[in-house]
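Novice: One structure follows; several queries about it will come next.
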Amino acid sequence: MATAAKTRVLVTGGAGFIGSHVVDAYLEAGLDVAVVDNLTTGSRGNLDSAARLYEADIRDAADLERVFAAERPEIVSHHAAQASVRLSMEDPPRDAMINVIGSLQVLEAARKHGARKVIYAATGGAAVGEPQYLPVDEDHPVEPLSPYGADKHAAEHYCMLYHHSFGLDTTILRYANIYGPRQDPRGEAGVIAVFAGLMLQGGQPVVNGTGEQERDYVYVGDVARANVLALTKGSGRMYNIGTGVSTSVNGLFDRLAELIGYGEPRQHGAQLSGEVYRIFLTYERARQELGWQPLVNLDEGLRLTVESIRAKLASTSVADVSEAGASAEGAV
């Protein structure tokens with residue numbers, strides 16, 4: 001008896017923090033998974049050996065043509081992005097080249113090579129800007145404060161255009177601030193990983209601004225599960241993927257300090273430009289239409305994250321960790 005062919009899925013940015021968890025979830029669901037990643041921030045070490053890696057850049061149309069022609073994916077999960085608000089403020093054209101032009105080229109390659117669906121990883125915070133009401137739903141006005149937010153939102157419009165004008169099915173997942181294992185403790189985007197990495201090594205985390213900025217922190221495993229549900233649901237729709245609960249940066253510092261046994265007081269630095277002050281998302285639409293809700297609460301997620309970073313630090317030598325700043329940044 002012939003075995004049914006596995007659904008072919010291509011994950012852009014699949015060697016990165018979030019993308020690699022999505023890859024794991026797709027493999028566990030029995031899919032045939034390939035990955036596109038230029039390894040600028042992603043790592044081969046994040047990938048399961050069952051996933052095929054193409055070292056390629058979404059800004060390079062020839063690179064994408066080569067991958068799509070070889071793989072003929074039925075579904076594309078688009079996670080490749082420049083994900084730092086700070087870097088987008090420093091170089092808006094580069095941010096747009098990756099997050100707008102790169103995303104457009106992924107959509108076009110998917111259309112050209114017969115993919116039936118694209119799942120797009122969007123931002124539920126940076127695109128909205130300072131909320132007019134809370135919790136933020138999918139119909140909230142969009143007034144971004146950073147090039148990153150504007151560019152990620154622009155790509156949402158291209159997804160909707162390709163859905164309505166070219167017949168390419170799309171589902172948009174607007175993420176809250178994502179944290180969990182594999183997030184780089186040496187980066188500047190992802191306050192939880194930055195703080196935990198420094199605390200575990202006796203360094204001094206610096207809170208940018210007052211620390212009263214509040215975000216909605218969602219565990220990466222819950223995000224990966226949303227991507228599995230979106231394989232067969234959510235046609236032409238947009239969904240917030242968050243927890244509906246906000247936590248301040250100061251609150252994160254205190255929880256991590258208690259969990260790790262870190263005794264140094266908080267230190268504060270300058271406020272970053274382009275940041276939203278307070279935001280959290282309602283996931284009611286995702287609950288009703290995708291059957292999704294967050295399952296890992298913040299305390300459990302922090303414990304899992306600290307365990308992962310501790311294990312990684314024990315097996316590698318990480319330099320230059322004596323001082324780093326962290327704000328509420330870290331959303332996709």
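The values are calculated or read from the model by the stated rules, or taken from the named source; none is laboratory data. In this text the structure is predicted, and so the values were computed from the model without any measurement. Please note: Cβ atoms are built from the backbone with ideal geometry, for glycine as well, and neighbour counts cover all protein chains shown. What goes into the accessible areas is simple: the full protein's heavy atoms, side chains included, and nothing from ligands, DNA or RNA. Shrake-Rupley method; radii C 1.70, N 1.55, O 1.52, S 1.80 Å.
Novice: Could you run through the stretch 156-205 and say how many residues are aliphatic (A, V, I, L, M), under 24 Å from GLU108 (Cβ atoms) and either in a strand (DSSP E or B) or under 15 Å from the mean Cα position of the chain (by Cα) (or both)? Spell out how you get there, then give the answer.
Specialist: Our first condition is that a residue be aliphatic (A, V, I, L, M); within the stretch 156-205, this holds for 160-161, 168, 172-173, 176, 178, 189, 191-194, 196, 198-200.
Filter once more, keeping what is under 24 Å from GLU108 (Cβ atoms): 160-161, 168, 172-173.
Keeping just the survivors that are either in a strand (DSSP E or B) or under 15 Å from the mean Cα position of the chain (by Cα) (or both) gives 172-173.
Within the stretch 156-205, residues that are aliphatic (A, V, I, L, M), under 24 Å from GLU108 (Cβ atoms) and either in a strand (DSSP E or B) or under 15 Å from the mean Cα position of the chain (by Cα) (or both) number 2.
Novice: Condition first: touching a residue at least 24 places away in the same chain (Cβ under 8 Å), under 20 Å from SER308 (Cβ atoms) and either open to solvent by 60 Å² or more (accessible area, probe 1.4 Å) or more than 15 Å from the chain's Cα centre (by Cα) (or both). Now tell me which residues in the stretch 44-59 satisfy that.
Specialist: Once the filter is applied, which keeps residues that are touching a residue at least 24 places away in the same chain (Cβ under 8 Å), under 20 Å from SER308 (Cβ atoms) and either open to solvent by 60 Å² or more (accessible area, probe 1.4 Å) or more than 15 Å from the chain's Cα centre (by Cα) (or both), the stretch 44-59 yields ARG44, LEU47, ASP48, ALA51.
Novice: Cβ-Cβ distance below 6 Å, separation of 6 or more or different chains: which pairs start in the stretch 261-287 with a residue that is charged (D, E, K, R) and end on one that is open to solvent by 30 Å² or more (accessible area, probe 1.4 Å)?
Specialist: What qualifies is ARG278/GLU214; ARG287/GLN293.
Novice: Can I ask one more? Can you tell me which condition THR171 does not meet? The list is (1) closer than 21 Å to HIS79 by Cα; (2) open to solvent by 10 Å² or more (accessible area, probe 1.4 Å); (3) touching a strand residue (DSSP E or B) at 6+ places or on another chain (Cβ under 6 Å); (4) of a type in the set (Val, Ile, Thr), and all the others hold.
Specialist: If we test THR171 against (1) closer than 21 Å to HIS79 by Cα; (2) open to solvent by 10 Å² or more (accessible area, probe 1.4 Å); (3) touching a strand residue (DSSP E or B) at 6+ places or on another chain (Cβ under 6 Å); (4) of a type in the set (Val, Ile, Thr), just (2) comes out false.
Residue-by-condition table, conditions (1) touching a Ser or Thr at 6+ places or on another chain (Cβ under 7 Å); (2) small (Gly, Ala, Ser):
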| site | (1), (2) |
| --- | --- |
| ALA196 | yes, yes |
| LEU200 | no, no |
| PRO205 | no, no |
| GLY211 | yes, yes |
| ASP216 | yes, no |
| ALA224 | no, yes |
| LEU229 | no, no |
| GLY234 | yes, yes |
| TYR239 | no, no |
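Novice: Do we find that ALA62 is farther than 17 Å from ILE119 by Cα, open to solvent by 40 Å² or more (accessible area, probe 1.4 Å), part of a helix (DSSP H, G or I) and touching a residue at least 24 places away in the same chain (Cβ under 8 Å) in this structure?
Specialist: The answer is no for ALA62.
Novice: Residue by residue through the stretch 87-107, note down the ones that are over 18 Å from the mean Cα position of the chain (by Cα) and either free of Cβ contacts under 8 Å to residues at least 24 places away in the same chain or open to solvent by less than 10 Å² (accessible area, probe 1.4 Å) (or both).
Specialist: GLU90, ASP91, PRO93, ARG94, LEU107
Novice: Could I ask something else about it? Taking helices (runs of 4 or more DSSP H) that fall entirely within the stretch 214-310, which contain at least 3 residues that are within 20 Å of GLU28 (Cβ to Cβ) and open to solvent by less than 40 Å² (accessible area, probe 1.4 Å)? Step through it out loud before you land on a result.
Specialist: On the way: elements: 220-229, 249-260, 284-289.
Answer list for the stretch 214-310: 220-229.
Novice: Open to solvent by less than 40 Å² (accessible area, probe 1.4 Å) and under 17 Å from the mean Cα position of the chain (by Cα): does that describe ILE119? Break it down into steps so the answer makes sense when it comes.
Specialist: On the way: open to solvent by less than 40 Å² (accessible area, probe 1.4 Å): yes; under 17 Å from the mean Cα position of the chain (by Cα): yes.
Taking the combined requirement at face value, the residue satisfies it.
Novice: With touching a Leu at 6+ places or on another chain (Cβ under 6 Å) and open to solvent by less than 20 Å² (accessible area, probe 1.4 Å) as the only criterion, which of VAL36, VAL23, VAL9 stands out?
Specialist: VAL9
Novice: Would you check which residues across the stretch 112-149 are without any contact (Cβ under 8 Å) to a residue 24 or more places away in the chain and hydrophobic (A, V, I, L, M, F, W, C) and list them? Give the derivation first.
Specialist: To start, the set of residues in the stretch 112-149 that are without any contact (Cβ under 8 Å) to a residue 24 or more places away in the chain comprises 132-133, 139-144.
Once the filter is applied, which keeps residues that are without any contact (Cβ under 8 Å) to a residue 24 or more places away in the chain and hydrophobic (A, V, I, L, M, F, W, C), the stretch 112-149 yields only VAL142.
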